[in-house]
Amino acid sequence: MEPEKDNWINDVMGSLDGLNRTEPSPFLFARIRNRLSTTPSTAYVPGRLVWVVAASFAVLALLNWQILAGMAGQGVQEKNELNTVITEMHLYPASNQLYDLWSGQNY
């Protein structure tokens, strides 16, 4: 390696030599044990609220399913309508046009 890189690596590695380990507060362990020993008051959710939330999720899922089912059927219908318009107006892709015969190497 280059000496500059070696010096830089040694400087970085040596920068932590003089640091001391941090010590926690002497009463920290006692406070943690006190919080663990006291039981928090439990809060109960009313059963009616649970059923309302479950019903709203069910309605949301049903609406999403209906929208997706409608969009799937609509895509097929639009494709059929587009094909009908193309055939009635005699519109064809550019690859089927006669002028393609005169382009490129066939010119």
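The values are calculated or read from the model by the stated rules, or taken from the named source; none is laboratory data. The shown structure was predicted, so the numbers you read here are calculated from the model rather than taken from an experiment. All Cβ positions, glycine included, derive from the backbone under ideal geometry; neighbour counts span all protein chains shown.
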Report task. Consider Leu36 carefully, then state whether it is surrounded by fewer than 10 Cβ atoms within 10 Å (Cβ to Cβ), at pLDDT 90 or above, assigned to a helix (DSSP H, G or I) and out of contact with any Gly (no Cβ under 7 Å at 6 or more places or on another chain). Result -> no
Requested in this report: Kindly indicate whether Leu19 is of a type in the set (A, V, I, L, M) and outside any helix (DSSP H, G or I).
Outcome: yes
Query raised in the report: Is segment 82-102 home to any residue that is among the acidic types (Asp, Glu), surrounded by 10 or more Cβ atoms within 10 Å (Cβ to Cβ), modelled with pLDDT under 75 and not in a loop (DSSP other than H, G, I, E, B)?
Result: yes
